[in-house]
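Asks: Dumping the structure here so I can ask a few things about it.
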Amino acid sequence: MFDLPGFPFFDLAPVFPLGAILFNFLFFTLTIPVEAYVMAIRLKFDKRTSIFYSIGINLFSGALGWVIFFLIEPILPIGLKSELISFVFFDQFNPSLRGLVVITAFIIFFATFLIKFFFLKLALLSLRDLNKVPQPQVEGLSTNRKTSRRTTNRFKLQNTNLLTTMLIANSLSYTLISLIMILRTIRAN
């Protein structure tokens with residue numbers, strides 16, 4: 001079915017989820033620039049840095065999502081598993097499962113948001129500049145308390161800013177993906 005002339009070593013199975021793979025690449029090509037733009041605007045990264053972080057968190061979260069999918073798929077009930085397989089491989093959707101699809105979409109949205117936030121936080125912590133020279137501490141208890149409060153408040157503000165930025169970026173990318181899926185469904189009908 002998908003035999004490529006001139007490439008006999010590249011033989012695909014007769015049932016291959018090529019549509020799902022191509023849509024995954026399409027989603028990555030949409031989400032990476034959108035999230036990189038939001039990171040550049042909100043976190044004041046330059047373009048290269050925001051694209052680097054966006055590629056990293058999207059590819060890691062996508063890979064983790066597929067791993068979770070392949071871990072959950074074998075334990076699904078037979079009826080749900082057959083509906084899932086018919087959707088992924090043959091692009092046939094059972095309208096009676098719309099409620100389950102909506103609930104699953106919300107779970108996937110928030111799980112992806114949390115995964116991306118933790119991956120971004122991990123990337124920022126692991127790639128920070130460790131060669132910075134610490135500023136000398138001024139003697140005195142009141143000064144240390146003030147600097148301690150400032151750094152604690154700064155870390156809380158940075159955490160909140162990262163969380164809000166990832167929520168906005170993930171929301172925009174999922175909105176764009178949802179619009180494309182709706183257009184695809186309208187076009188198919």
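Asks: Once both labels are modelled 7 Å past Cα along the beta-carbon direction, what's the Leu127-Ile85 spacing in nm?
Replies: Going from the Leu127 label point to the Ile85 one covers 4.1 nm.
Asks: How large, in Å, is the stretch 31-70 by the Kirkwood hydrodynamic radius built from its alpha-carbon pairs?
Replies: 10.4
Asks: Now a separate question. Over all directions, the average projected area of the alpha-carbon convex hull for the stretch 18-113 comes to how many nm²?
Replies: In nm², the orientation-averaged hull projection of the stretch 18-113 is 6.9.
Asks: Give me the one-decimal nm value for the distance between modelled label points at Leu179 and Leu64, 7 Å along each residue's Cα-to-Cβ direction.
Replies: Modelled inter-label distance: 2.8 nm.
Asks: Considering only protein heavy atoms, what is the solvent-accessible area of Leu18 at a probe of 1.4 Å, reported in Å² to the nearest 10?
Replies: 60
The values are calculated or read from the model by the stated rules, or taken from the named source; none is laboratory data. From a predicted model like this one, the values you see are computed outputs, not experimental measurements. Please note: Cβ atoms are built from the backbone with ideal geometry, for glycine as well, and neighbour counts cover all protein chains shown. These area figures cover heavy atoms from the full protein model, side chains too; ligands, DNA and RNA do not enter into them. Shrake-Rupley method; radii C 1.70, N 1.55, O 1.52, S 1.80 Å.
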